[in-house]
């Protein structure tokens, strides 16, 4: 095994009404919409990317939002919780913040050095905000809705629910270069590199869990980081040699991707860190305009009529006007 991931790249989920999604993740969670594009495989719907100021890998949460989408079911073979990293001591502020928005939340303690606030987004997606004793040096997006001292620093971890954990752990450690950090009951934590927030996957073994149904309010896939296309190709070769059914390299405009299912059924992506989100609009204007890849530009008029108009909060681009 020569290729190793440096942590989480992004999580992609399925949402409902696009405007409601934008309002919650910008004003509720305090993230920045860094790209408004479409699902390249289904250009009649948006693909919305949220993250820090520049949309750095490891800060990203993305959505395919469909108005009227049927509700999914969170269960086995899915990433069942998406966790974001926030500063220690901030969860009281977050609890009050969500209460003011009418969103119920609950603070729990999973371990002595990790406190969580759990809630669901408007479509039922399970989210955690994790305040841990491990310092997270990443800079937050300076949002008007969430003061910087409380703000999200990026992804913390993804929770995978599988019936049997052995194959999932083997893939993450032997093929993705992660390592086991802890095992407690049915919970196994693995991490990349130094194990800081953004590098963590939690595996919950639940042999009685009902199969997940991928639809509204569920995670579609999680993506791991790789620095460049050359390393990605090396990794693809290794995964194929290990018996995984891996897609060809797909151009996602802001990174390239390969996809495969791990033994527990969760869809994994390996995405490059480059080229990033400022290749087709300036940093100050990220997220303002509908951006399409060159092969979809000839269909721009039809696409713009197919997707619903979005009102972007002014705080998303505070210095662009």
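Here, each number is a calculation from the coordinates, and none is a lab measurement. Given the structure is predicted, the values throughout are model-derived calculations rather than measurements. We place every Cβ from the backbone using ideal geometry, glycine too, and count neighbours over all the protein chains shown.
When 113, 142 are ordered from fewest to most other Cβ atoms inside 10 Å of their Cβ, what list results?
Taking fewest neighbouring Cβ atoms as first place, the list is 113, 142.
Grab the beta carbon distance between residue 250 and residue 213, set R0 = 30 Å, and tell me the FRET efficiency rounded to 0.05.
0.75
Post the alpha-carbon centroid distance, region 49-122 to region 124-171, in whole angstrom.
When both Cα centres are located, 8 Å separates them.
By count of other Cβ within 10 Å, fewest leading, how are 145, 90 ordered?
So the ranking, lowest neighbour count to highest, is 145, 90.
Given all pairs of different Cα atoms, what value in angstroms does the Kirkwood hydrodynamic radius of the chain take?
About 19.8 Å, per the Kirkwood formula over Cα pairs.
For residue 233 and residue 297 in one chain, what is 0.36 nm times their gap in residues minus the Cα-Cα distance, to one decimal in nm?
Computed gain between residue 233 and residue 297 is 20.2 nm.
By counting other Cβ atoms within 10 Å of each Cβ, how are 143, 118 ranked from fewest to most?
Listed from fewest to most nearby Cβ atoms, that is 118, 143.
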